[in-house]
Structure formats: structure tokens, C-alpha cells
Amino acid sequence: MQRRYDAGMISLQDFFGTYPFAVCVLVMIAAELTKHLFEGLTKNIWFQHGGMPSSHSAFVTSLMMVVGTYDGIASTTFAITTVFAGIVWYDAAFVRKQVGQQAKALNILQQLEDFSERVGHSTAEVAGGILFGGFLTYFLLAWITI
């Protein structure tokens, strides 16, 4: 695809086409904003860990899709991003959830410090992040290649 450039000006579409990692960053920021607005408006929980959708899950899903699109799904980099995404999804849904439960137990046992009990995600929040990241990345990649 041939891109047109105007005397030093680059369109947003060309920017994302030239720097595809920016798509992943945009997806993560959009997920963070969506999460904080959703959690804040529905549960009155503002700017805390966890929540729907998981921005980490959205980011690694987007990264995996971008790498698969640019390098191909048979590439080593796609394999690496897929394993990396799996580790992030597992950590978000299970490991950090356990950390939150441990913090809750510590808060009951001692009164010296209040540990944050909300550090992980539910499986639904991780799935929401995967879907959010997947759909947004799909549409951004389709828009880039118009």
C-alpha cells in the first residue's frame, strides 16, 4: 500500500500504520479509561486496581493481534506474544486474586497497616479485557489498512 505524505504532516491513520505498537498502547489507554469510568459510575470505585475490563488483558490481546497481523501467525514473535499473553491473563485472573485474598486475611489479623485487597481481576474481567482489546484492535487494524 502506498502512503501519501504532506510536507512533514502525517495522518493518524499513517501514524498507526507506521508505528503499530501505538495501536496496543491506545487499546490499553482506552481500556483503562473505560474501566475507571465504568467502575466509578456504577460502583463509585475510582482509580483502584482490578475492574472491568482488564487493561493488561486488552493490551496483550492487542499486542498478539498486531504481531500476528504484521509478522504472521507462524512467526516466532507471534508464538512469544501468545505465551506472554497467556502468562498475563493467568496472572491477572488467578495469581493477583490470591494476593488480594491474602491481603484480606492480613488485614483481619493485624491492625498496623491496611493492605489493598483489590489487586487482581475476576475471570470475567480478564475475558472482558480480551474481548475489548480484540474488538478494538480488529477495527483499528482494519482502519489502518483502508
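The values are calculated or read from the model by the stated rules, or taken from the named source; none is laboratory data. Since the model is a prediction, treat every value here as computed from it, not as a measurement. Don't worry about glycine lacking a Cβ; one is built from the backbone with ideal geometry, like all the others, and counts go over all protein chains shown. Just so you know, the surface numbers come from the protein's heavy atoms only, side chains and all, with ligands and any DNA or RNA stripped out. Shrake-Rupley method; radii C 1.70, N 1.55, O 1.52, S 1.80 Å.
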*For the stretch 48-67, enumerate the residues that are more than 11 Å from LEU136 (Cβ to Cβ) and either open to solvent by 20 Å² or more (accessible area, probe 1.4 Å) or among the hydrophobic types (A, V, I, L, M, F, W, C) (or both).*
GLN48, HIS49, MET52, HIS56, VAL60, LEU63, MET64, VAL66, VAL67
*Please determine, by comparing only the residues of the stretch 91-146 that are within 26 Å of LEU26 (Cα to Cα) and acidic (Asp, Glu), which one is modelled with the lowest pLDDT.*
GLU125
*Can we say THR81 is free of Cβ contacts under 8 Å to residues at least 24 places away in the same chain, open to solvent by less than 90 Å² (accessible area, probe 1.4 Å) and in contact with a helix residue (DSSP H, G or I) (Cβ under 8 Å, 6 or more places away or on another chain)?*
yes
_Give me the residue from the stretch 26-41 that is in contact with a Pro (Cβ under 7 Å, 6 or more places away or on another chain) and touching a residue at least 40 places away in the same chain (Cβ under 8 Å) and, out of that set, least open to solvent (accessible area, probe 1.4 Å)._
ALA31
*Restricting the search to the stretch 70-87, which residues are of a type in the set (S, T, N, Q) and within 15 Å of PHE59 (Cα to Cα)?*
THR81, THR82
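One line per residue, one yes/no per condition, for (1) part of a loop (DSSP other than H, G, I, E, B); (2) on the phi < 0 side of the Ramachandran plot; (3) under 13 Å from the mean Cα position of the chain (by Cα); (4) at pLDDT 95 or above:
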| residue | (1), (2), (3), (4) |
| --- | --- |
| ALA30 | no, yes, yes, no |
| GLN48 | yes, yes, no, no |
| PRO53 | yes, yes, yes, no |
| GLY86 | no, yes, yes, no |
